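Structure first, commentary second.
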Amino acid sequence: MDDNELYPIGDVARRTGLNVSAIRYYSDTAIVAPTRVTDAGHRLYDIRAIARLELIRTLRDLDAGLDDIRRLLDGETSLHDLLAAHLEIVERQERGLRARRAVLRTLVKQGGTADQAALMHKLVSMPDEERERLVDDFWNEVGEGLDVPSGFVERLRTMRPSLPEDPTVTQLEAWIELADLVQDEEFRNTVRSYLQDTYSTSPGRDIAATPIQDFIYGTGTVIMEEIMAACRSGLPTDSPQAQELVVRMTDAVAEAVGRQSTAELREQLATGFVMAERFQREEPEEMPRYDATHGRYVSLVAVINETPPDKGEEFAALSAWLAAALHASVRPIGSSL
């Protein structure tokens, strides 16, 4: 196109993709005036005016408002600032649509009512402070008077959902389910009953005791990560490296529970890991109960926080590896099982 040439409104419409009535409207509202108007009243546009109209068409396709576009063309704002502000609006709309989608998908699955729809909408739009209060109320009721080792419920309480600012539909659906569950009296009672039955007597009570919990989630994390890596790599359980790892682990456990690190303790640990491996492999009656109670809470939190879920098979393999390595560490050299 010639810089000095003027083009009639029909050519401008074909060039910009705008219809003639829209171009006339922008002219009448002084957003983009024609370069010249003939004596016969025909509007003519040069390439600069056409470029402005093409920009308007692009911004309108992005749902930018005419007032914002006028401010841009009048030099009251920059294109960067206009686009940045509009991007924020679009992202906010996207989050809203995602939340609606999560509510609708959940309602379709459950065959929900109007009351449930209102409740779910409230859940996905709930501020962080209210989410925290829901979880606190849940653990306050579940933990009240529970006969488990001191501090165990507080440790469980630290595993809580943290819905990100820009959650996925999957995260929103998990939050809807979790928020509904933690407010359900029957679910609270079943979680409380499961924790009471599992951790009020041995061996659960021993596992829930502060020294063991501190080892699992604190002092023992480094050595256990090394052991996990060794197990995954297929390191032989009777190799010097494996023996060094289980001795270090036993030393850490002994320090945590206030005992001497001895061959007897390694045998006791080996027996414990054999039981743990069997527990995971055989899926006893307690597993479905866990999955429906505290396990459901844990799995939903894992989805919301995008943390890896517990892998029973991997834990079983690790337990078997540890049991074999611990047994090997106390067997006389050259002996066999």
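We did not get these values from a lab; they are worked out from the coordinates using the rules stated. These numbers come from a predicted model, not from an experiment. We place every Cβ from the backbone using ideal geometry, glycine too, and count neighbours over all the protein chains shown.
If packing is taken as the average count of other Cβ atoms within 10 Å, what order do 251-261, 32-42, 188-198 fall into, highest mean first?
188-198, 251-261, 32-42
Working out 0.36 nm times the residue gap between residue 259 and residue 289, then minus their Cα-Cα distance, what length gain in nm do you get to one decimal?
7.4 nm is the gain from fully extending residue 259 to residue 289.
In whole angstrom, how far apart do the alpha carbon centroids of segment 19-86 and segment 174-246 sit?
So the two Cα centres are separated by 64 Å.
At 0.36 nm per residue, minus the direct Cα-Cα distance, what do residue 169 and residue 200 gain on full extension? Give it in nm, one decimal, please. Intermediate values should be presented prior to the final figure.
Working: separation 31, 0.36 × 31 = 11.16 nm, distance 3.82 nm.
Gain on extension, residue 169 to residue 200, equals 7.3 nm.
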